[in-house]
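Contents: one structure, followed by commentary.
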Amino acid sequence: MIEIMSESKGRVLGVRLTEKVSDKDYMETFIPALEKLIAAHGKIRCLYFMDDDFQGWDIGAMWDDAKFGLKHKDDFDKLAVVGGPKWAEWGTKLVAHLLSGEVKTYPNAQLNDAWKWIEA
């Protein structure tokens with residue numbers, strides 16, 4: 001599931017990922033929110049927070065994420081990835097080479113630090 005975090009404002013979108021993230025979550029929640037921000041602000045900033053219940057993405061959600069990321073690789077000013085399993089951190093480091101903006105990872109305990117960085 002994807003939930004828009006209440007701290008989101010302006011060109012910053014924060015999302016909490018819990019349990020299994022589905023294609024429906026991307027198509028109905030995440031992608032429309034990102035497209036709206038990109039249309040309004042150009043370059044945006046995004047914070048992914050994978051909480052302790054996060055179990056990964058289904059294949060449709062992974063495909064949606066890859067397609068959107070490649071299409072909009074120059075539209076992200078900053079991307080923060082908080083928490084998640086070790087493989088998610090490795091994946092984030094790979095994605096960092098494709099995006100034109102800055103990318104940082106944080107452990108769950110540093111969620112507040114990630115918000116400070118993404119908003120600065």
Matching option when the condition is open to solvent by 40 Å² or more (accessible area, probe 1.4 Å), within 11 Å of the chain's Cα centre (by Cα) and of a type in the set (D, E, K, R), among ARG45, ARG11, ARG16: ARG16
Whichever residue in segment 71-116 is among the polar types (S, T, N, Q) and in contact with a strand residue (DSSP E or B) (Cβ under 8 Å, 6 or more places away or on another chain) and, among such residues, is surrounded by the most Cβ atoms within 10 Å (Cβ to Cβ): THR105
Residue match in segment 48-58 (condition: surrounded by fewer than 15 Cβ atoms within 10 Å (Cβ to Cβ) and more than 18 Å from ILE4 (Cβ to Cβ)): yes
Counted residues, segment 12-34 - those being touching a residue at least 40 places away in the same chain (Cβ under 8 Å) and touching a Leu at 6+ places or on another chain (Cβ under 6 Å): 1
THR92 polar (S, T, N, Q), touching a residue at least 24 places away in the same chain (Cβ under 8 Å) and within 23 Å of GLU7 (Cα to Cα): no
Residue count, segment 19-42 (criterion: over 21 Å from LYS86 (Cβ atoms) and surrounded by fewer than 19 Cβ atoms within 10 Å (Cβ to Cβ)): 16
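The values are calculated or read from the model by the stated rules, or taken from the named source; none is laboratory data. Remember, it's a predicted structure, so these values are computed and weren't measured experimentally. Virtual Cβ from ideal backbone geometry, glycine too; neighbours counted across all protein chains shown. Note: areas computed on protein heavy atoms with side chains; ligands, DNA, RNA excluded. Shrake-Rupley method; radii C 1.70, N 1.55, O 1.52, S 1.80 Å.
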